[in-house]
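First comes the structure, then the notes that go with it.
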Amino acid sequence: MADYPKNVVQVPTFNLFREQDAGKLPVLDVRNLGIDFGGLTAVDSFNITIGPTEIAGLIGPNGAGKTTIFNLLTGVYQPTRGSVLVNGIDIKGMPVHKVNKLGIARTFQNIRLFSEMTALDNVKVGMHNEIKCSFLSSLLRLPGYYHAEAAANLKAMELLEFMGLADVADQKAGSLPYGVQRRLEIVRALATNPSIILLDEPAAGMNPSETAELMHQIRRIRDTFHIAIFLIEHDMNLVMNVCETIAVVNYGKIICKGTPEQVRQNPAVIEAYLGKEDND
Amino acid sequence: MSFLQYLINGISIGAVYAIIALGYTMVYGIAKMLNFAHGDVIMVGAYVSYCVTSYLGMPAIVSILVAVVACTVLGIVIEGLAYKPLRGTPSLAVLITAIGVSYFLQNAAQLIFGSAPKNFKSIVTMQPLTLFGGGLTITGEVIITIAICVAIMVGLTLFTSKTRMGKAMRAVSEDRAAAQLMGINVNQTISLTFAIGSALAAVAGVLLCSTVPTLMPTTGAMPGIRAFTAAVFGGIGSIPGAMLGGILLGIIETFSKAYISTQFSDAIVFSVLIIILLVKPAGLLGKQIQEKV
């Protein structure tokens, strides 16, 4: 596990795509992004480029602005400065649902499933833009409706199966165990057919064996769907093992970018997490 | 026997309240706002139907369809012009706007049709059903109203549970931000909700005026308030709750008129509401939301 992934270009600069991503358009291209809330600069000069099949991590102390960055990337917040390009298209001014259609999906730090709906229906909500069936034909139960419904059910079940959730398809999302809800949120995000998926603390509240399973699943998602993954996580074991590139933020600014090895040894990172030695 | 008669009449008027309450509850569930203009959309629906039959001489069924279309458009326009620009503002601003829209519709109707009541001709031509040798009379209006109410209930339940847009509506009502991030167009979903609610209001308006044939610009106001009460009674935001609340309210109202006092019937209805809310603050079928401390 430690030597995974073998195919990463081991060059000591950031933003080098994996070999198979070379020469391809980055799925996410963030340039000089910044946002102010009143007088407070929450994020400033944030730059990152993520290749089509890259697993990247975003770490930093609590309150560093990580979730704010995710909100900027998904169009929830409009940036004060800079731009976000998803698959080469600037998301500036776009409503959130259109940004999602460009190919960016996410999960949430505090689980936000539709808890009154079944697991299957949660996934089908994710497939909203994919189910092509007119209002009229679903109302009148025309053959097209059954066809689209059957196809949607099949795909949703396949996705649930992929994360080992097929058994709970008919249960209410809110009644599922915590770890299962976390996985269901990932399935729901995958259902929107993204080219990059943002995971906001996917391992939060998980025990070590669940976290190990999650690491395996994150790689499997990338390898199966050939999509990029960008994750925020506090579990350093997960981040160091899974991510090929890591960006460290503190006070809304990137303080270090690089491979797990580089980040681990960077003095600025150590200082951000542990404080200055001579300060004590 | 008169008890049974009152009960059936109560269910019938309750069914009208239920159809109106559905509009309140769906809009509240999805847009998180109280659309106090909803009662006046009923009145507009009834006027449209009245005009189509009286001035154009069209058959009743055509008048209902025209009323439904007109109210659907009206609902979407009201939402787009008055409420949409206020999305994200405090809910009080939207509430006041809704009251403004309500007065606007009432006064517009007064300008166009005058304040003198119009005599609404019932759309139902069905003969009354007489049972028990004349002991019990069920009018055609009662039968049609209850039948339409059941059909609407079944249709809405199927719509919200089975269709793609129905699922989107449930998703938006549970968590608007998360639904948006799943690629759901929230504005479009809210417009659809207003469209459905207003279409139902048109049906309710025609049914209401078929039962109580006086039509004037304030016709929708009191049934609107009662239906809002019914929605709260059943648990606002809940579709089965609106149905249950509407029908119970109709029964309570009819019984209080029959056995206690006609004048105090509204007071009794609202007292029951207060008692229910004291015992079950979320309404009969509403969800109690536990706030984490």
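What follows draws every value from the coordinates through simple rules; no lab data is involved. On a predicted model such as this, the values are computed, not experimentally measured, just so you know. Cβ: placed from backbone, ideal geometry, glycine included. Neighbour counts: every protein chain shown.
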Sequence-distant residues sharing a close amide H with B:MET33 (under 5 Å, placed H): B:TYR28
5 angstrom amide H check on A:LEU231, placed H, neighbours 5+ away: A:ALA56, A:GLY57, A:LEU58, A:LEU199
For the protein assembly as shown, share of DSSP beta bridges that run antiparallel, in % to the nearest 5: 60
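Whole number please: convex hull volume per residue of the Cα set in chain A, in Å³?
Looking at chain A, the number lands at 152 Å³ per residue.
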Relative contact order (%) - criterion: Cα under 8 Å, at least six apart; region: chain A: 26
Summed residue charge, Cβ within 10 Å of A:MET127's Cβ, Lys/Arg positive, Asp/Glu negative: +4
Vicinal HN-Hα couplings computed from phi for segment A:89-97 (Karplus, 6.51 cos²θ - 1.76 cosθ + 1.60; Hz; Gly/Pro x): 10, 6, 8, 3, x, 7, x, 3, 5
Paramagnetic label zone (point 7 Å from Cα along Cα-to-C-beta, A:ALA166; backbone N under 15 Å) in segment A:109-127: A:120
Ranked list, fewest to most other Cβ atoms within 10 Å of each Cβ, for B:GLU253, A:GLU271, A:GLU233: A:GLU271, B:GLU253, A:GLU233
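Mean residue ellipticity at 222 nm from the helices of chain B, using -39,500 (n - 2.57) per DSSP H segment of n ≥ 4 over the full residue count, to the nearest 500 deg cm²/dmol?
On the way: 11 runs with 201 residues, N = 293.
One gets -23500 deg cm²/dmol as the mean residue ellipticity at 222 nm.
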Exposed-loop-free span, longest in chain B, where chymotrypsin sites (Phe, Trp or Tyr not before Pro) count as exposed if DSSP calls them loop and at most 16 other C-beta atoms lie within 10 Å: B:56-263
Per-residue average of Cβ from other chains inside 10 Å of B:171-177: 5
Sum of side-chain charges, B:CYS209 neighbourhood, beta-carbon under 11 Å (Lys, Arg +1; Asp, Glu -1): +1
Using a Förster distance of 60 Å, the FRET efficiency for A:ASP36-B:THR130 (Cβ separation, nearest 0.05): 0.20
For A:VAL43, net neighbour charge (Lys/Arg +1, Asp/Glu -1) across residues whose Cβ lies under 14 Å away: +2
Candidate lysines - alpha carbon under 28 Å from B:LYS257, same-chain residues fewer than 8 apart omitted: B:LYS118, B:LYS121, B:LYS280
Set of lysines with alpha-carbon distance to A:LYS66 below 26 Å, sequence-local pairs under 8 removed: A:LYS92, A:LYS98, A:LYS101, A:LYS253, A:LYS257, A:LYS276, B:LYS292
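Quick one: which of A:192-202, A:24-34, B:207-217 comes out on top by average Cβ neighbours within 10 Å, and what's the full order, highest first?
A:192-202, B:207-217, A:24-34
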Note, ³J(HN,Hα) from phi for segment B:201-214, Karplus 6.51, -1.76, 1.60, rounded to Hz, x at Gly and Pro: 4, 4, 4, 4, x, 5, 5, 4, 6, 6, 7, 10, x, 9
